[in-house]
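Visitor: Got a structure for you, questions after.
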Amino acid sequence: MYVNGFIVPVPADKKDVYREVAEKYWPIARDYGCTGHVEAWEVDVKDGKHTDFRRAVDIQEGEKVVFSWMLWPDKSTADAAHEKIMQDERMKTGFGAEDGSDMPFDGRRMVIGGFETILDEKA
């Protein structure tokens, strides 16, 4: 399994709009091989002594941190999907301005990474 992880600063008053964007994105990613998608809204995020989620995204007054991840069978599927997703007509018409200026978050401060699973336990 391969995981794309994200932390995103989102204005607190844009929570519902952010969720709507995530809900629109899920079927597109699923169509290109994504097997799971989780969006988690900040409830208890502590300030760290050296670094933390807030500093990582340069949190601003009135914003919350969203921690999300997408599951893929492997890195090659995720990589191949990225190009296809960006070219998908639903991406061009369902998310507003192409430059992202009307998205409910500042994508310049989003932290993104790809991870290979080394442990996956479930109860």
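Visitor: Just to be sure I understand: with springs between alpha-carbon atoms less than 10 Å apart, which residue in 77, 51, 35 has the highest mean-square fluctuation in the Gaussian network model of the chain?
Guide: So, out of 77, 51, 35, the one fluctuating most is 51.
Visitor: Normalising by the residue count of the chain, find the relative contact order in percent from Cα pairs under 8 Å and 6+ residues apart.
Guide: Taking the mean separation of contacting Cα pairs over the length of the chain, I get 48 percent.
Visitor: Can you give me the long-range amide H partners of residue 63? Hydrogens built in the peptide plane at 1.01 Å from N, cutoff under 5 Å, separation of 5 or more residues or another chain.
Guide: Sorted by chain and number, the residues that satisfy this are 12.
Visitor: Mind checking the per residue accessible area of the chain for me, 1.4 Å probe, whole number of Å²?
Guide: 67 Å²
Visitor: How much length, in nm to one decimal, is gained on full extension between residue 82 and residue 31, taken as 0.36 nm per residue of separation minus their Cα-Cα distance?
Guide: Contour length minus Cα-Cα distance gives 17.2 nm.
Visitor: Under 5 Å between amide H atoms, partner at least 5 residues away or on a different chain: which partners does residue 36 have, H built in plane at 1.01 Å?
Guide: So residue 36 has HN proximity to 71.
Visitor: Over region 81-123, what percent of the accessible surface lies on carbon and sulfur atoms, probe 1.4 Å?
Guide: Reported share for carbon and sulfur atoms: 53 percent.
Visitor: Note down the accessible area of residue 112, probe 1.4 Å, to the nearest 10 Å².
Guide: 110 Å²
Visitor: Find, among the trypsin sites (Lys or Arg not before Pro) in region 45-97, those assigned to loop by DSSP (not H, G, I, E, B) with at most 10 other beta-carbon atoms within 10 angstrom.
Guide: 46, 49
Visitor: To continue, here is another question. Based on the Cβ-Cβ distance from residue 101 to residue 13, what FRET efficiency comes out when R0 is 22 Å, to the nearest 0.05?
Guide: 0.80
The values are calculated or read from the model by the stated rules, or taken from the named source; none is laboratory data. Owing to the predicted nature of the structure, the values given are computational and were not obtained by experimental measurement. Note: ideal-geometry Cβ built from the backbone for every residue, glycine included; neighbour counts use all protein chains shown. The area values use the complete protein model at the heavy-atom level, side chains included, leaving out ligands, DNA and RNA. Shrake-Rupley method; radii C 1.70, N 1.55, O 1.52, S 1.80 Å.
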